[in-house]
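The values are calculated or read from the model by the stated rules, or taken from the named source; none is laboratory data. The model shown is predicted, which means the values in this text are computed figures rather than measured ones. Quick reminder, even Gly has a Cβ in these numbers, built from the backbone with ideal geometry, and neighbours come from all protein chains shown. The accessibility values were calculated without ligands, DNA or RNA, using every heavy atom of the protein model including side chains. Shrake-Rupley method; radii C 1.70, N 1.55, O 1.52, S 1.80 Å.
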Amino acid sequence: MSMRYLAAHDRTHFRRLFGIEPVKMATEVGVGDQGVFVRRPRTDRSRGGVLPSLEAATGRWGLIPLFSPDGRDLATHVAAGETAAAERNFLQPWKRGHRCVIVVRALFEPVGHRASVRISRADGQPFCIAGLWNGWRSSEGACVESFAMLTIDARTDALMQQLPGERPQRRPVVLPDGWVDEWFRAPVEETAAFLRPYPLHALVAETLAAAPAA
């Protein structure tokens with residue numbers, strides 16, 4: 001069992017938070033699958049025109065580092081917020097301010113061989129996970145985009161402590177709706193300030209005995 005999430009495609013949510021339309025793709029996204037992430041547009045695609053403030057892009061869940069020889073890296077779907085700025089796989093996206101948001105309805109963290117922990121918002125609304133994105137160029141010249149979710153230590157996390165049995169040691173950085181705009185606009189040196197636990201009462205975590213279904 002691997003980590004996966006249920007993507008959100010709610011037009012109202014995307015318009016309110018980002019002022020853009022969502023991109024329709026697969027609802028259930030696993031590591032290595034194509035997913036949707038929101039980011040500031042790439043400036044190299046403007047061609048002299050006016051860029052929107054934000055855009056919905058598609059890419060592989062599993063960030064491909066610039067130095068990757070073949071683009072097959074798959075152990076890069078999450079980045080530890082405490083060390084990403086210095087890790088070889090993630091330091092370039094971090095330094096370039098390649099921040100993104102992944103909008104999900106629920107995230108499933110595997111624990112053990114057959115169980116997973118389902119994380120969702122208590123009010124049932126979609127939530128925004130902070131991430132990093134990158135553009136990698138293949139030997140044929142094609143640009144392949146990818147992304148990773150940022151995580152924080154959950155070993156002493158009150159949300160996880162309430163679960164029976166095995167618990168995830170890390171959990172994703174969930175951004176409060178009011179922080180999303182600042183997450184995109186903040187200077188690089190302030191990135192780490194956003195990597196905090198989401199309010200405990202606003203999230204629900206439950207252990208599932210079998211793989212989740214969309």
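With every protein chain present, what accessible area does ARG185 have (1.4 Å probe, heavy atoms only), rounded to the nearest 10 Å²?
Result for ARG185: roughly 140 Å² accessible.
So what is the 222 nm mean residue ellipticity for the chain from helices alone, if each DSSP H run of at least 4 adds -39500 (n - 2.57) and you divide by all residues, rounding to the nearest 500 deg cm²/dmol?
Here the helix-only value at 222 nm equals -2500 deg cm²/dmol.
What FRET efficiency comes out for SER138 versus ALA26 if R0 is 35 angstrom and r is the Cβ-Cβ distance? Round to the nearest 0.05.
0.95
Could you tell me the accessible area of TYR5 in Å² (1.4 Å probe, neighbours in place), rounded to the nearest ten?
In the full protein context, TYR5 sits at about 0 Å².
5 Å is the cut-off here: which amide hydrogens, built 1.01 Å from N in the peptide plane, fall below it relative to ALA115, excluding neighbours closer than 5 in sequence?
The answer is none.
For the stretch 31-126, just say rounded, prolate or oblate: build the C-alpha gyration tensor, square-root its eigenvalues into a ≥ b ≥ c, call rounded for a/c under 1.5, and beyond that prolate if a/b exceeds b/c, oblate if not.
oblate
Could you point to the label whose value was computed as log10 I(q)/I(0) by the Debye sum over Cα atoms at q = 0.10, 0.13, 0.15 Å⁻¹ for the structure here, given [x] -0.57, -0.89, -1.08; [y] -0.48, -0.79, -1.02; [z] -0.41, -0.71, -0.97?
Read-out taken from this structure: [z].
Between rounded, prolate and oblate, where does the stretch 128-214 land on the alpha carbon gyration tensor, with a ≥ b ≥ c its root eigenvalues, rounded for a/c under 1.5, else prolate if a/b exceeds b/c?
oblate
Output ³J(HN,Hα) for the stretch 168-180: one whole-Hz value per residue in order, computed from phi by the Karplus curve 6.51 cos²θ - 1.76 cosθ + 1.60 with θ = phi - 60°, and x for Gly and Pro.
x, 8, 9, 9, x, 7, 9, 8, x, 3, x, 9, 4
If R₀ is 22 angstrom, what is the calculated FRET efficiency for the pair ASP33 and LEU208, using the beta carbon separation as r and rounding to 0.05?
0.65
So how much slack lies between ALA75 and GLU190, counting 0.36 nm per residue of separation and subtracting their Cα-Cα distance, in nm?
Working: separation 115, 0.36 × 115 = 41.40 nm, distance 2.60 nm.
Here the answer is 38.8 nm.
Mind running the shape call on the stretch 77-134? Use the C-alpha gyration tensor, a ≥ b ≥ c as the square roots of the eigenvalues: rounded below 1.5 for a/c, prolate if a/b tops b/c, oblate otherwise.
Numbers: a/c = 3.31, a/b = 1.56, b/c = 2.13.
Taking the square roots of the gyration eigenvalues as a ≥ b ≥ c, the stretch 77-134 is oblate.
In what order, largest first, do CYS128, CYS143 sit by accessible area if the probe radius is 1.4 Å?
Result, largest first: CYS143, CYS128.
Using each residue's phi in the stretch 116-131, evaluate 6.51 cos²θ - 1.76 cosθ + 1.60 at θ = phi - 60° and report the 3J(HN,Hα) Karplus result to the nearest Hz, with x for Gly and Pro.
8, 10, 9, 10, 8, 7, 5, 8, x, 7, x, 9, 9, 9, 6, x
Could you list which residues have their amide H under 5 Å from that of ARG196, counting only those 5 or more apart in sequence or on another chain, with H placed in the peptide plane?
The answer is none.
Each residue of the stretch 102-109 in order: what ³J(HN,Hα) in whole Hz does its phi give by Karplus 6.51 cos²θ - 1.76 cosθ + 1.60, θ = phi - 60°, with x for Gly and Pro?
10, 9, 10, 9, 7, 10, 10, 9
Name the most mobile residue of GLY141, GLY124, GLY30, meaning the one with the largest mean-square fluctuation, in a Gaussian network model of the chain with Cα contacts below 10 Å.
Top of the fluctuation ranking is GLY141.
Using protein chains only and a probe of 1.4 angstrom, how many square angstrom of GLU87 are accessible, to the nearest 10?
Accessible area, nearest 10 Å²: 60 Å².
Cβ under 10 Å from TRP183's Cβ, TRP183 left aside: what net charge do those residues give with Lys, Arg +1 and Asp, Glu -1? It would help to have the intermediate numbers written out before the result.
On the way: positive: ARG99, ARG185; negative: ASP181, GLU182, GLU190.
For residues surrounding TRP183, the net value is -1.
Quick query: amide H of ALA79 versus all other amide H atoms, modeled in the peptide plane; which residues come in under 5 Å with a sequence gap of 5 or more or a different chain?
MET149, LEU150, THR151
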